[in-house]
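Shown next, in structure tokens, is the structure this report addresses.
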Amino acid sequence: TEIYTLSLHDALPISRAKLLSMGEEDYRLCVRNYTIRDMTKDSDSLNAFSGIVGYLTKAYFRGGLIWGMPLHEFPQALRWYHSRTAKPRRRDDFPSWAWCGWKGRVEYSGSLDLLKEKRSFARVETDLTVKFVGIDAQILTVQGYQVTLDIRTEPFSEAFIPDTDCLLGPVLERDFFPHESKLTTGRYEFLVVERLKYGDDDRPLRETVHMLLLEWDGGFGKRKTQVRISLGCGLNLEMAMPRFGMVRLK
């Protein structure tokens with residue numbers, strides 16, 4: 001199906017997939033530039049973004065934006081993080097899983113369509129992508145994988161299968177270097193947002209897994225921070241026995 005872009009120039013036919021690809025890049029740029037601003041009031045966190053929401057919805061995202069995020073088309077937009085130069089501060093009147101619920105510049109580690117990454121490799125795959133289910137006020141319901149991992153921080157932040165010495169790989173929190181991670185040694189619960197698998201045909205695929213660190217409040221998960229794990233060659237997240245199901249975030 002061919003549709004037309006909204007442009008100051010003559011409208012040109014463009015596929016839906018291409019339009020969404022353009023939209024997610026535009027969205028990431030808008031969020032980054034917007035969150036650099038210093039809001040006088042926390043209540044302005046999303047209000048001042050409403051004009052941009054209208055533009056993005058009309059131009060790209062038919063499903064609209066939810067708390068400033070295109071979760072219908074790109075649920076992996078949940079993997080935003082704060083730059084290492086930011087000092088995040090929680091805005092309690094907004095959901096923890098949305099960037100508007102925090103003060104501080106927001107970044108994304110590349111395209112939300114991770115298939116655009118690592119193109120120099122012969123094989124590139126993505127899976128384990130979280131699925132949008134529904135929204136009720138600030139409560140977001142998603143379908144995805146949860147995984148429990150042991151994090152050890154000496155000398156670097158690394159992820160292990162719980163109660164074993166099986167090392168999965170280094171943990172990168174936000175965009176800190178591994179030795180600058182703010183995570184302390186302990187056992188943590190994560191929600192997988194998306195996994196990228198890449199490599200050459202003659203060797204096992206490597207994996208980079210984007211996840212959210214969750215803190216539980218009753219039956220609801222609260223977002224603490226974003227991490228990603230780069231697994232060693234021949235290792236996979238299934239070794240840690242991730243659990244599939246519904247997760248409610250607030």
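The values are calculated or read from the model by the stated rules, or taken from the named source; none is laboratory data. Since the model is a prediction, treat every value here as computed from it, not as a measurement. Methodologically, a virtual Cβ is constructed for each residue, glycine included, from the backbone with ideal geometry; neighbour enumeration extends over all protein chains shown. SASA here: full protein model, heavy atoms, side chains in, ligands and nucleic acids out. Shrake-Rupley method; radii C 1.70, N 1.55, O 1.52, S 1.80 Å.
If LYS131 meets every condition in (1) out of contact with any helix residue (DSSP H, G or I) (no Cβ under 8 Å at 6 or more places or on another chain); (2) within 28 Å of GLY219 (Cα to Cα); (3) among the charged types (D, E, K, R); (4) in contact (Cβ under 8 Å) with a residue 40 or more places away in the chain apart from one, which number is that one?
(1)
Take the residues in the stretch 48-99 that are more than 15 Å from LEU29 (Cβ to Cβ), of a type in the set (Val, Ile, Thr) and outside any loop (DSSP other than H, G, I, E, B); name whichever of them is farthest from the chain's Cα centre (by Cα).
Per the criteria, the residue is THR57.
Given the stretch 120-235, what strands (runs of 3 or more DSSP E) lie entirely inside it while holding 1 or more residues that are closer than 16 Å to MET246 by Cβ and not acidic (Asp, Glu)?
In the stretch 120-235, the matching strands (runs of 3 or more DSSP E) lie at 131-136, 139-152, 186-199, 206-217, 220-231.
Condition check ((1) among the acidic types (Asp, Glu); (2) open to solvent by 30 Å² or more (accessible area, probe 1.4 Å); (3) under 22 Å from MET239 (Cα atoms)) across all residues:
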site	(1), (2), (3)
LYS103	no, yes, no
ARG123	no, yes, yes
ASP127	yes, yes, yes
VAL133	no, yes, no
ASP136	yes, yes, no
TYR145	no, yes, yes
PHE156	no, yes, yes
PRO170	no, yes, yes
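Consider ASP202 against the criteria (1) among the acidic types (Asp, Glu); (2) more than 23 Å from SER96 (Cα to Cα); (3) buried (at least 20 other Cβ atoms within 10 Å of the Cβ): it satisfies all of them except one. Which criterion is unmet?
(3)
Results for (1) over 18 Å from GLN226 (Cβ atoms); (2) modelled with pLDDT of 95 or more; (3) surrounded by fewer than 21 Cβ atoms within 10 Å (Cβ to Cβ); (4) of a type in the set (Lys, Arg), shown as yes or no for each residue.
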| site | (1), (2), (3), (4) |
| --- | --- |
| THR40 | yes, no, yes, no |
| SER45 | yes, no, no, no |
| ALA48 | yes, no, yes, no |
| TYR55 | yes, no, yes, no |
| ALA59 | yes, no, yes, no |
| GLY63 | yes, no, yes, no |
| TRP67 | no, yes, yes, no |
| LEU71 | no, yes, no, no |
| ALA77 | no, yes, no, no |
